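Take a look at the structure below.
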Amino acid sequence: NLEAARFYRSMLFDEKIGAPGREYFFEKRRLSVSAVRHFGLGYAPPYGSMTMQHMKSCGFTEEELREGYFCGKNERGYYDYFRGRVMFPIIDVSGNVIAFGGRVMDDSLPKYLNSSDTPVFKKSRNLFALNFARASCAEEMILCEGYMDVIAMHAAGFTNAVATLGTALTPEQARIMARYTKRVVISYDSDAPGQKAANRAIGILGEVGLDVRVLRIEGAKDPDEFIKKYGADKFRQQLSGSFGKFDFNMDGILARHNIAIPDEKIKACAELTDLAAGIYSSAEREVYIAAAAKKLDIPAESIRADVERKLRKKKSEYKKEQSQKIVRQSAGYGDRVNPDFAKNVAAAKAEEAVLGMLLLYPEHREAVRTGKVALTADDFFTDFGRRIFTAIAENDRDGSFSTSVLGQYFTPEEEGRITRMQLSRSALSNNGAAVFADNVAALRRERAAEANSGDGVDDILELIREKRNT
């Protein structure tokens, strides 16, 4: 990635090849040379396979380049993935170049191409410019939609700005932000999609305990355009006047309805009471009820009564949903981590018991490793169980297995499920050799029964043959 970043930068400043990229950055977007160099911006040549040729000359293979998401492959062979685009390196907080975003310089689609997930990059777990922003975002961070918005903000002195990487904000990104700051100001485009994305981001950021504000930009479509038209001081004033979650949503509701018309006023009131009913804090809810009453010119007591009725309904629905969830979970349905669980609950429970003991006790791992207890990956019923057993076996060849290595094989959700298996077994008093052997035997029995049961096709064919013979 570092070598590719150097290549893209050299192409940008190549007198002939980089002319379109320089025109875009310096003339169209009015960036300074220092800003371009600060962010390591570059340009991918529009023709041939120049990136591949350069990278291969540095010793990288075609498969390595494909794995790193620099090239694709079709019936004619390999080709450069990024072509004719200005390039934005994604740099992690340790200063490593880990991926790229490439933008077209006209209105063609797709507007952006971004590196897919690679061995060193997960787009849902990184943020553009966090490597710079982390030094100045302790009190407040600005969340933007695009790379250019972030670069424009940094150039104007707002060095606490970051952006997501070609996707909507994820819970993982929100948790990362919570490590570095107390408050996030969402600065998305002023169009309908931008405001919809902002509303979604409010909920995700709020769930990790961040104070969330929303910047409503007027007179420009995005922060980059606003700063260029009105300057940094005006933008700073906009930041100080950013909206809280309720105010942002209330303004959106009132903008959609003409409250001078009774029917429209009723609809606006219904939406605002829904909004207030979704607020956990009673004191905060009272503040918003008073604000809604003032805007709608309706007594606060009337709005409060509607909010309390909706709260009772929400509570009843939640209890019902939780009861149904418990029933589904006990049967293994709706299991996103291990979707095979519900296909044979007995087999899945047996393998979780076996895995829990393997994870906890080195003597059981030794028994399997030495062949004292016969157990292989094929004995496991679910794909998730087979993956866990394989990870344990591959990292316990010399008896030095540690659960800390599992992070490289499994997602955080899967690791949570693995931890649950360990806790379930550690809560039981008897996890000795006999109990382990019994659970392995039960697992193998269930697996054998499953294998012998087939899918019913052979039975149907046999019945058809019998009918023909009679």
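Just a few scattered comments:
- Prolate/oblate/rounded label for segment 109-217 (Cα gyration tensor, a/c 1.5): rounded
- Per-residue ³J(HN,Hα) for segment 353-364, Karplus 6.51 cos²θ - 1.76 cosθ + 1.60, θ = phi - 60°, Hz, x for Gly and Pro: 5, 4, 5, x, 6, 5, 5, 8, 10, x, 5, 6
- Rounded to whole numbers, the Karplus 3J(HN,Hα) couplings from phi for segment 68-78 are x, 6, 9, 9, x, 9, 10, 4, 8, x, 8 Hz, using 6.51 cos²θ - 1.76 cosθ + 1.60 with θ = phi - 60°, and x at Gly and Pro.
- Gyration tensor (alpha-carbon) shape descriptor, the chain, a/c threshold 1.5: oblate
- Relative contact order (percent, whole number), the chain, Cα cutoff 8 Å, 6+ residue spacing: 7 percent
- Positive contributions from Lys and Arg (+1) and negative ones from Asp and Glu (-1), summed over other residues with Cβ under 14 Å from the Cβ of Glu363, come out at +2.
- The heavy atoms of Ser108 present about 50 square angstrom of accessible area, all protein chains included, probe 1.4 Å.
- GluC sites (Glu not before Pro), loop per DSSP, at most 10 other Cβ atoms within 10 Å - longest free stretch of the chain: 219-470
- Computed from backbone phi, the HN-Hα couplings of segment 156-173 come to 8, x, 8, 7, 9, 8, 9, 9, 6, 10, x, 10, 5, 4, 10, x, 4, 5 Hz, rounded to whole numbers (Karplus: 6.51 cos²θ - 1.76 cosθ + 1.60, θ = phi - 60°; Gly and Pro given as x).
- Percent antiparallel among DSSP beta bridges (both partners in the chain, rounded to 5): 60 percent
- Sequence-distant residues sharing a close amide H with Tyr43 (under 5 Å, placed H): Arg9, Met11, Leu12, Met87
- Split the accessible area of the chain by element, probe 1.4 Å, and carbon with sulfur accounts for 50%.
- Magnitude of the charge dipole, the chain, Cβ model with Lys/Arg +1 and Asp/Glu -1, debye to 20: 840 debye
- The residues of segment 237-289 present an accessible area of 55 Å² per residue when probed at 1.4 Å with all protein chains retained.
- Amide H within-cut-off set for Ile90, under 5 Å, with H built and near neighbours excluded: Ile98, Ala99, Phe100, Gly101
- Counting only protein heavy atoms and a 1.4 Å probe, segment 1-90 has 53 square angstrom of accessible area per residue.
- Charge sum, other residues only, whose C-beta stays under 9 Å from Val214's C-beta, Lys/Arg counted +1 and Asp/Glu -1: +2
- Using the Cβ-Cβ distance between Asp106 and Glu264 with R0 set to 41 Å, the FRET efficiency from 1/(1 + (r/R0)^6) comes to roughly 0.45.
- Rounded, prolate or oblate (a/c below 1.5 giving rounded, otherwise prolate when a/b exceeds b/c) for segment 372-448 by Cα gyration tensor: rounded
The values are calculated or read from the model by the stated rules, or taken from the named source; none is laboratory data. Please read these numbers as outputs of a predicted model, since none were measured by experiment. Using ideal geometry, Cβ is built from the backbone for each residue, glycine included, and neighbour counts are taken over all protein chains shown. Surface accessibility is based on the protein's heavy atoms, side chains included, excluding ligands, DNA and RNA. Shrake-Rupley method; radii C 1.70, N 1.55, O 1.52, S 1.80 Å.
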